[in-house]
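A quick write-up on the structure given underneath.
The values are calculated or read from the model by the stated rules, or taken from the named source; none is laboratory data. The structure displayed is predicted, hence computed values, not measured ones. No Cβ is skipped: glycine too gets one built from the backbone with ideal geometry, and neighbour counts run over all protein chains shown. Just so you know, the surface numbers come from the protein's heavy atoms only, side chains and all, with ligands and any DNA or RNA stripped out. Shrake-Rupley method; radii C 1.70, N 1.55, O 1.52, S 1.80 Å.
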2 protein chains.
Amino acid sequence: MSVATVTTASGATWQEVAADRQAHRAATLAAIKPALPDLTSIPLNTIPLAKEFLTEAEIKITESTVEELVPQLAIGKLSAVEVANAFLRRAGLAQKATNCVTELLPERALERAAYLDAYLKEHGKPVGPLHGIPISVKEHLAMKGLDHNGGFVAWVGKVPKEDALILQILWAAGAVFYVRSPQPQTLMHLETSGNLYGVTTNPYNTTLTSGGSSGGEGALLGFRGSILGIGTDIGGSIRSPAANNGVYGVKPTVGRLPISGWLSAMAGSEHILGTIGPLCTSLEGCKLFIKSIIAGQPWLREPSLLPLPWKEEDAYKGRKLKVAVLWDDGVVKPHPPVTRAMKKVVEELKAKGHEVVDWTPYKHDEAWAIIANLYFCDGAAEDLAIMKESGEPLRPLSEHILKNKHVQNHTMASLWKATQKRDAYRTAYANLWNSTATSRGPNGELQGMVDAILCPVGPGSAPKLDTSKWWGYTSQWNLLDYPAVVFPVDKVDPAKDSAKVEYTPRNEDDKFNWDLWEKYGAEGYKDAPVSLQLVGRRYEDEKLIQTLEIVKEETGLPYVKYV
Amino acid sequence: MSVATVTTASGATWQEVAADRQAHRAATLAAIKPALPDLTSIPLNTIPLAKEFLTEAEIKITESTVEELVPQLAIGKLSAVEVANAFLRRAGLAQKATNCVTELLPERALERAAYLDAYLKEHGKPVGPLHGIPISVKEHLAMKGLDHNGGFVAWVGKVPKEDALILQILWAAGAVFYVRSPQPQTLMHLETSGNLYGVTTNPYNTTLTSGGSSGGEGALLGFRGSILGIGTDIGGSIRSPAANNGVYGVKPTVGRLPISGWLSAMAGSEHILGTIGPLCTSLEGCKLFIKSIIAGQPWLREPSLLPLPWKEEDAYKGRKLKVAVLWDDGVVKPHPPVTRAMKKVVEELKAKGHEVVDWTPYKHDEAWAIIANLYFCDGAAEDLAIMKESGEPLRPLSEHILKNKHVQNHTMASLWKATQKRDAYRTAYANLWNSTATSRGPNGELQGMVDAILCPVGPGSAPKLDTSKWWGYTSQWNLLDYPAVVFPVDKVDPAKDSAKVEYTPRNEDDKFNWDLWEKYGAEGYKDAPVSLQLVGRRYEDEKLIQTLEIVKEETGLPYVKYV
């Protein structure tokens, strides 16, 4: 049943293919026991639905963190089966509330969980560091025997022979895969809207987007239909949904985590590289996820990866942080709730004696021009051809990104020039960071540099549907390949965010964004999570995570309760 | 004077430009004191010329290793000026014997050396770990204020405003730059023949090539006109000249050493990446070179590099080596002296209890097809255009490589397919290596794998001029981005290598190579150094060097005296 037979290749229309995929999804939801409720109406904020329809035991499990579940599963205090059942139920409810699932996997998940329970009983020890932990998976990643369409109608019917490498490693570590989540058409939206599964909304405010492209994961996590999910990110696709749903999300440096087995148009394109990473309700869970994968020596099987074990060393050894703050990228000014959240974090850091300096953005508009040009080096021909093949129409945000003014059909000569521009920009930015040094060590090494950049994740909280157009706050760090982590800080609160701000936009993108605030105001974005981003230097993934641990400890964030 | 005014841009013919560059070179040689001798004839083996024309003190200095000079220079037992003078003289003589220099830099070098001597006197300590060490530099690398033509006539007249990053770091470590060496037209020969400076020959047998593209370095090192030089390698360009001249050469993994400031056609092409590395008369010197550069934190200024300090850890901790031997790549069979050298090393390793297994080559012909296709993704249009610009004719080996059957003018779509092929090959080779594991560790990690592959550097010793056509033994490891080190083992000896070998070639390339042996025999390659190559896994640069240290210690190689 999971293998699609209604496909455009077999002569079906795109609408028939989509209807069949949705029917398949509905069937997987119908298989959940006890049965999921039918929602007669969907509230603006869907979070309270869980308390209404789930048992106390289910709520307790699904509102635990990964680090709380791991030890209980490892000794059998919780069974893998009861944990899997709880998450299947809550993920099903999340689907009904926000449309964030492509299929549930009750049969596979419960069989796996039962195996794990039996293993623990027989051997007296867990199979690995993630024994029994349910992990939600973006459909982008191959799963053996399941449809793998990458969000394109024309690709329905592809069935991988093996799991993506990251899933193989997580499996060996004890994971339970129980739900798959959608991605937008082309994967290149900061929202999640496609012709196969429709539009995913934000569980905190269903007039808003859950973000994207890993926005199925985002909504699942925000609703606690998952507490650990896998996303992918080439321009913000882990960070936007993590931020929009008030959870943690890590985009590691390229080359740390294995990506083989993900499906995308333009395979072989390496001018800008994407990464894979966790969305999680806790920072500790993100770290456990990354460490478990790295422990599996993925570089031996995916040779583009770096053979770097996870570094446990303390990057600070008791010294204070030096954090730079990018208040505004100089292109699109953030909405007031974002600035309010940044101010609060900065105040708290300063109060604890940490050094906070301003970061002057260096040509972020040019950075966007460079990366937008290198995303689609064939002028988006392949993407367009795949959609043409099925006849599915382009979604508005596909139009926005595939046909933006920076896209060109490159020749080799123009590609190499564009690559040199990219490299020159990277070098200039590295020198900018170097210029924050205050001294030199005994061997001439730079000292006293900024440890991390604190900045917005986007020019607002979770946006209204189809309005997520400015990628600059996230794509900047893909262009530079700097690791970045997003974290929940606050929520939009009309009581705090309604003061009128006079502002004259600098350009069209800025105007588009500011007009949205003028139009909807705090009331229009009510309850939307407000998250921030911390960015480290290339390959300093470990230090970045540690920096956020310190920031959290020192500032006490998040400042509101989410669930 | 060093800045060229006779250029094709100023209206000169390519012959006039070349004549002017050669006149410039002659002038720099004429400035050496005491004056260099005029050679009335050049012997087949030029090595004895040094003893004939240099002083005992000069010979002693220039036949020292880097690790012998460093401590003497650091305490002023030798002055940097006398060391620089000795190398200027011997490099000048090397030029007269083998045509391996584009210019000497007596003024710069002696001023620098005098500064270093004064510094030492004043501060009582050296400026850095390479205080006073003369380093020869391939013209490929930018040097402030000096012509930077990259081997193309049309490019004569380019003058960089700053030194290549690697030179800046070596300078800070105390190096003295005193000579620049040529590269072949297009940089893409395994020999060194160009229209600007002519053909570089092999100091051990002037009917042979010194290799390439760093063949100026190779001949300089073989003659001891240098004991430490900088080469660059995208298909064998460090290793071929190191091997042909009986010295050590290291091609590190891409991303360890900085390359910014090198000049090449198709800048921005990143489908196959080149590296930079040392040629040196000692392995210890190679290591000191690499460590000194890495200590300069090059990744802060060249963001594509990895922030990996040099790992000092012992990869073996007393256990024996497990070495795989690639006797023949299955495409072009090596000449008998190479096989003789491999047998000897293998016997010695086995005698010391090390494990030696055969390595079955995996489609090395396909590997060549992949890399030869990705070298020139524009169908070599840019290279051809640069040569057309000056009217200089293509050298035979430029024809050979630019117009080989695998070259194509890619579209984006065909480029991405070719890139996927490359990646699939890399994955298959990684799995091949994984398959040598004999057990799994407590976390499932592979154990007991091969530590390194021992193989030829080419399908013979130093080749006859214009016959270096099969790159497979070196380009294989560029395609895979595995670090590789070459080392001197023996020399071609008619007394040992003249036995008739019956062999029927497998293909055209094999026939071309075997016919050369049939035609010239051991006598035709007399005295040519025979070197071998050790290859490690990606990023295991430190382990690879340590492996060769053990191999050297256990086998007592090299088995002959070179100088």
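From the list A:Asp527, A:Asp515, pick out the single residue that is open to solvent by 10 Å² or more (accessible area, probe 1.4 Å), more than 14 Å from chain B (Cβ to nearest Cβ) and part of a helix (DSSP H, G or I). Reasoning before the result, please.
Numbers: A:Asp527 fails: part of a helix (DSSP H, G or I).
Step by step, each of A:Asp527, A:Asp515 is checked, and only A:Asp515 is open to solvent by 10 Å² or more (accessible area, probe 1.4 Å), more than 14 Å from chain B (Cβ to nearest Cβ) and part of a helix (DSSP H, G or I).
In the set B:Val3, B:Val17, which member is within 23 Å of B:Leu146 (Cβ to Cβ), open to solvent by 60 Å² or more (accessible area, probe 1.4 Å) and in contact (Cβ under 8 Å) with a residue 40 or more places away in the chain? Walk me through it before giving the result.
Numbers: B:Val17 fails: open to solvent by 60 Å² or more (accessible area, probe 1.4 Å).
The unique qualifying residue is B:Val3.
Checking the structure you have, find out if any residue of the range A:211-233 is of a type in the set (S, T, N, Q) and within 11 Å of chain B (Cβ to nearest Cβ).
In the first step, residues of the range A:211-233 are kept if they are of a type in the set (S, T, N, Q); the result is A:213-214, A:226, A:232.
From what is left, the residues that are within 11 Å of chain B (Cβ to nearest Cβ) are none.
Among the residues of the range A:211-233, not one is of a type in the set (S, T, N, Q) and within 11 Å of chain B (Cβ to nearest Cβ), which makes the answer no.
Go through the range A:23-44 residue by residue and tally those that are within 26 Å of the chain's Cα centre (by Cα) and either more than 16 Å from A:Trp155 (Cβ to Cβ) or part of a loop (DSSP other than H, G, I, E, B) (or both). Working first, answer last.
Start the filter on the range A:23-44 by keeping residues that are within 26 Å of the chain's Cα centre (by Cα), which leaves A:24-26, A:28-29, A:42-44.
Filter once more, keeping what is either more than 16 Å from A:Trp155 (Cβ to Cβ) or part of a loop (DSSP other than H, G, I, E, B) (or both): A:25-26, A:28-29, A:42-44.
Qualifying residue count, the range A:23-44: 7.
What is the number of the single condition among (1) open to solvent by less than 10 Å² (accessible area, probe 1.4 Å); (2) out of contact with any Ser or Thr (no Cβ under 9 Å at 6 or more places or on another chain) that A:Gly261 does not meet?
The single condition A:Gly261 does not satisfy is (1).
Please count how many residues of the range A:68-107 are more than 20 Å from the chain's Cα centre (by Cα), part of a helix (DSSP H, G or I) and either among the hydrophobic types (A, V, I, L, M, F, W, C) or over 19 Å from A:Pro34 (Cβ atoms) (or both).
14
Out of all the residues in the range A:105-113, is one or more surrounded by fewer than 21 Cβ atoms within 10 Å (Cβ to Cβ) and free of Cβ contacts under 8 Å to residues at least 40 places away in the same chain?
yes
Looking for whichever is within 14 Å of chain A (Cβ to nearest Cβ) and either modelled with pLDDT under 95 or open to solvent by 40 Å² or more (accessible area, probe 1.4 Å) (or both) here; the options are B:Glu313, B:Glu302. Which one fits?
Working: B:Glu302 fails: either modelled with pLDDT under 95 or open to solvent by 40 Å² or more (accessible area, probe 1.4 Å) (or both).
Being within 14 Å of chain A (Cβ to nearest Cβ) and either modelled with pLDDT under 95 or open to solvent by 40 Å² or more (accessible area, probe 1.4 Å) (or both) holds for just one of B:Glu313, B:Glu302, which is B:Glu313.
Of all residues in the range B:351-368 being more than 17 Å from B:Leu432 (Cβ to Cβ) and touching a strand residue (DSSP E or B) at 6+ places or on another chain (Cβ under 9 Å), which is most open to solvent (accessible area, probe 1.4 Å)?
B:Glu355
Residue pairs, Cβ under 7 Å, 6 or more apart or interchain, first in the range A:348-360 and of a type in the set (Lys, Arg), second not in a helix (DSSP H, G or I). List them.
From residues that are of a type in the set (Lys, Arg), the pairs are A:Lys350/A:Val356.
For the range B:270-281, indicate whether the set of residues that are at the interface with another protein chain (Cβ under 10 Å from one of its Cβ atoms), closer than 27 Å to B:Phe152 by Cα and open to solvent by 30 Å² or more (accessible area, probe 1.4 Å) is non-empty.
Of the residues in the range B:270-281, the ones at the interface with another protein chain (Cβ under 10 Å from one of its Cβ atoms) are B:270-271.
Checking which are closer than 27 Å to B:Phe152 by Cα leaves us with B:270-271.
The next check asks that each one be open to solvent by 30 Å² or more (accessible area, probe 1.4 Å); those that pass are B:270.
Within the range B:270-281, one or more residues are at the interface with another protein chain (Cβ under 10 Å from one of its Cβ atoms), closer than 27 Å to B:Phe152 by Cα and open to solvent by 30 Å² or more (accessible area, probe 1.4 Å).
Can you name the condition, by its number, that B:Leu187 falls short on among (1) assigned to a helix (DSSP H, G or I); (2) under 17 Å from the mean Cα position of the chain (by Cα)?
(1)
What's the number of the only condition in (1) in contact (Cβ under 8 Å) with a residue 40 or more places away in the chain; (2) in contact with a Lys or Arg (Cβ under 7 Å, 6 or more places away or on another chain) that B:Ile166 fails to meet?
(2)
Kindly indicate whether A:Ser237 is in the same structural domain as A:Leu187 (by TED's automatic domain parsing) and within 22 Å of A:Thr98 (Cα to Cα). Let's see the steps before the verdict.
On the way: in the same structural domain as A:Leu187 (by TED's automatic domain parsing): yes; within 22 Å of A:Thr98 (Cα to Cα): yes.
Yes: the conditions hold for A:Ser237.
Tell me yes or no: at least one residue of the range A:452-471 is among the small types (Gly, Ala, Ser) and within 14 Å of chain B (Cβ to nearest Cβ). Steps first, answer last, please.
In the first step, residues of the range A:452-471 are kept if they are among the small types (Gly, Ala, Ser); the result is A:452, A:458, A:460-462, A:468.
Those left that are additionally within 14 Å of chain B (Cβ to nearest Cβ): none.
No, the range A:452-471 has no match at all.
Please enumerate the residues belonging to the range A:271-280 that are β-branched (Val, Ile, Thr) and more than 12 Å from the chain's Cα centre (by Cα). Write out each step before concluding.
Of the range A:271-280, the ones β-branched (Val, Ile, Thr) are A:272, A:275-276.
Matches in the range A:271-280: A:Ile272 only.
Out of all the residues in the range B:533-545, which are out of contact with any Cys (no Cβ under 9 Å at 6 or more places or on another chain) and either closer than 17 Å to B:Val356 by Cα or among the basic types (Lys, Arg) (or both)? Lay out the reasoning, then the answer.
Step one: filter the range B:533-545 for residues out of contact with any Cys (no Cβ under 9 Å at 6 or more places or on another chain), giving B:536-544.
The answer is B:Gly536, B:Arg537, B:Arg538, B:Lys543, B:Leu544.
Scan (1) within 11 Å of another protein chain (Cβ to nearest Cβ); (2) in contact with a Pro (Cβ under 9 Å, 6 or more places away or on another chain); (3) under 26 Å from A:Asp378 (Cα atoms); (4) not aromatic (Phe, Trp, Tyr) for the single condition A:Gly255 breaks and write down its number.
Every listed condition holds for A:Gly255 apart from (2).
Sort out which residues of the range A:543-563 are within 14 Å of chain B (Cβ to nearest Cβ) and open to solvent by 20 Å² or more (accessible area, probe 1.4 Å), and write them in order of number. Break it down stepwise before answering.
Restricting attention to the range A:543-563, the residues satisfying the condition of being within 14 Å of chain B (Cβ to nearest Cβ) are A:543-544.
Result: A:Lys543, single match.
Looking for whichever is under 23 Å from A:Pro129 (Cα atoms) and in a loop (DSSP other than H, G, I, E, B) here; the options are A:Gly150, A:Gly174. Which one fits?
Numbers: A:Gly150 fails: under 23 Å from A:Pro129 (Cα atoms).
Exactly one residue qualifies, and that residue is A:Gly174.
From B:Glu63, B:Glu68, which residue is free of Cβ contacts under 8 Å to residues at least 24 places away in the same chain, within 18 Å of B:Gly229 (Cβ to Cβ) and of a type outside the set (A, V, I, L, M, F, W, C)?
Numbers: B:Glu63 fails: free of Cβ contacts under 8 Å to residues at least 24 places away in the same chain.
None of the other options fit; the residue is B:Glu68.
Do you know which residues across the range A:343-391 are under 22 Å from B:Leu415 (Cα atoms), assigned to a helix (DSSP H, G or I) and of a type in the set (Phe, Trp, Tyr)?
Correct list: A:Tyr375 only.
Within the range A:81-98, does at least one residue satisfy the condition of being more than 21 Å from A:Leu49 (Cβ to Cβ), at pLDDT 95 or above and open to solvent by less than 20 Å² (accessible area, probe 1.4 Å)?
No, that holds for no residue.
Specify the residue that is farthest from B:Val331 (Cα to Cα); the eligible residues are those in the range B:465-512 that are aliphatic (A, V, I, L, M) and open to solvent by 30 Å² or more (accessible area, probe 1.4 Å).
B:Ala495
Take B:Ser292 and tell me if it is modelled with pLDDT of 95 or more, within 14 Å of chain A (Cβ to nearest Cβ) and touching a Leu at 6+ places or on another chain (Cβ under 8 Å).
yes
Evaluate the range B:390-398: report whether one residue or more is open to solvent by 50 Å² or more (accessible area, probe 1.4 Å) and within 14 Å of chain A (Cβ to nearest Cβ).
Looking for residues that are open to solvent by 50 Å² or more (accessible area, probe 1.4 Å) and within 14 Å of chain A (Cβ to nearest Cβ), one finds none in the range B:390-398, hence no.
In the range B:399-415, what residues are buried (at least 20 other Cβ atoms within 10 Å of the Cβ), assigned to a helix (DSSP H, G or I) and within 10 Å of chain A (Cβ to nearest Cβ)? Let's see the steps before the verdict.
Narrowing the range B:399-415 to residues buried (at least 20 other Cβ atoms within 10 Å of the Cβ): B:401-402, B:410, B:412, B:415.
From what's left, assigned to a helix (DSSP H, G or I): B:401-402, B:412, B:415.
Hits for the range B:399-415 are B:Met412, B:Leu415.
Taking the range A:416-440 as the search range and keeping residues that are in a loop (DSSP other than H, G, I, E, B) and under 21 Å from A:Tyr539 (Cα atoms), which one is most open to solvent (accessible area, probe 1.4 Å)? Reasoning before the result, please.
Looking only at the range A:416-440, we keep the residues that are in a loop (DSSP other than H, G, I, E, B), and these are A:435-438.
Adding the requirement that they be under 21 Å from A:Tyr539 (Cα atoms) leaves A:435-437.
Values: A:Ser435: 83, A:Thr436: 30, A:Ala437: 30 Å².
Among those that are in a loop (DSSP other than H, G, I, E, B) and under 21 Å from A:Tyr539 (Cα atoms), it is A:Ser435.
Restricting the first residue to the range A:375-389 and requiring it to be closer than 13 Å to A:Ile401 by Cβ, which pairs with a second residue that is crowded, with 18+ Cβ neighbours inside 10 Å and of a type in the set (Gly, Ala, Ser) meet a Cβ separation below 7 Å and a spacing of at least six or different chains?
Hits for this filter: A:Asp383/A:Ala265.
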